[in-house]
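Inspection log for the structure reproduced underneath, given as structure tokens.
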């Protein structure tokens, strides 16, 4: 049996590695000139940069043991993450996550957050129907007002009332009341402790996908954008790059964005698109500094969150991830609103000005290089109706031997460790055996 794997990101490479160990014949079709997808490290002269934060951590010790055993030189880190909070013209640097940084807030905002959380806590456990309800009623008016609503509104290309609690269950864990009180009193608490220590490849996150791809090089076809899937008597014909040439496959595993896959197949019972499948596209901007220059505010952090009127919502300081990297940062901007209306070149003065306003850089004269990439489908959004749609789509595709896997393929908002963790389960559930 031959398996056609669409896409060559982390999910496809880890899956391919396991399939080879099990003795399957497969081919990976990647549209770009290199594998890795979002799990790549770009080079701009002397500067190395990733598509945002790629800290490697996990609640699953087996996943961490597996990743540590790969032939990669890692650097080990104690997490340093902050939140930028404005009060008038004054910047407050808060510990992360927000509920663990309440002691760093100005007094009035601190009281708002504590009283709001206590009010919510006294209501007991309740059923919430959306992310907005959970934030406003579950965390209280203070935390909602001073961070969670403006930040989530800034990052998501979707109304918060349409985002389901799947995002909360998978990514956000509320702190117990005792920790909230300790935090307000200025006592140190560690939120999301499993993230507090992480590892990172010294040469960049692209080293991870490079190592995973090495044993399966013969199974990878680069510059092979899938343009059509035709279901025939002998399985699937996979056409690439608008040519008559095709690959034959008995079954398909798709790791490309689900909304793109649906455009390629023509099967009864399936639409070409579903409005419930929402997603973010993201601008990533590299800002590299001239020799001898350094970052000032937040310059010792790994990454920082911004819920104010800055054009960006998160910044990653690449030089704090690897001692081999010169001073540079990566700015993330969701492709919506002003960012969607303006060319990237027009966004550069805005982000440079905001970096100065936040006192991260002192002058644009310190900047050596600015580059950008617009990456589509960075975050699949778990909307309130998406799970129902996914189950229907997954069931219909599986009837025709198309399987969905990975963050974009299965339309799951998961991190790198989640992708690695799910490989074994995916193979077992779908009957792949050695």
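Where a number appears in this text, it was derived from the coordinates with a stated rule and is not lab data. These numbers come from a predicted model, not from an experiment. Note: ideal-geometry Cβ built from the backbone for every residue, glycine included; neighbour counts use all protein chains shown.
Look at the alpha carbon pairs under 8 Å that are at least 6 residues apart: their mean separation over the length of the range 97-190 gives a relative contact order of 42 percent. From least to most packed, judged by other beta carbons within 10 angstrom and beginning with the fewest, 412, 428 follow the order 428, 412.
Just check the range 299-353 against the gyration tensor rule for me: Cα atoms, a ≥ b ≥ c as the square roots of the eigenvalues, rounded for a/c under 1.5, and otherwise prolate or oblate depending on whether a/b exceeds b/c. In terms of gyration-tensor shape, prolate.
With neighbours defined as other Cβ atoms within 10 Å of a residue's Cβ, the residues 393, 287 order from fewest to most as 393, 287. Angle of helix 344-357 to the longest C-alpha principal axis of the chain, folded into 0 to 90 degrees and rounded to 10: 30°. Projected label points at residue 133 and residue 225, each 7 Å from Cα along the beta carbon direction, are separated by 4.2 nanometres.
Per the Cα gyration tensor, the range 170-249 maps to an equivalent ellipsoid with semi-axes of 50, 20, 10 Å, ordered largest to smallest. Taken over the Cα atoms of the range 326-434, the convex hull encloses 182 Å³ per residue.
From the helices alone, meaning DSSP H stretches of at least four residues, give me the mean residue ellipticity at 222 nm for the chain, per-run term -39500 (n - 2.57), in deg cm²/dmol to the nearest 500.
It lands at -8000 deg cm²/dmol.
Ellipsoid semi-axes for the range 97-190, based on the Cα gyration tensor and the rule √(5λ), read 22, 14, 12 Å when sorted largest first. Our summary gives the chain a relative contact order of 23 percent, counting only alpha carbon pairs under 8 angstrom and 6 or more residues apart.
Taking other Cβ atoms within 10 Å as a rough exposure proxy, 160, 94 sort from fewest to most as 160, 94.
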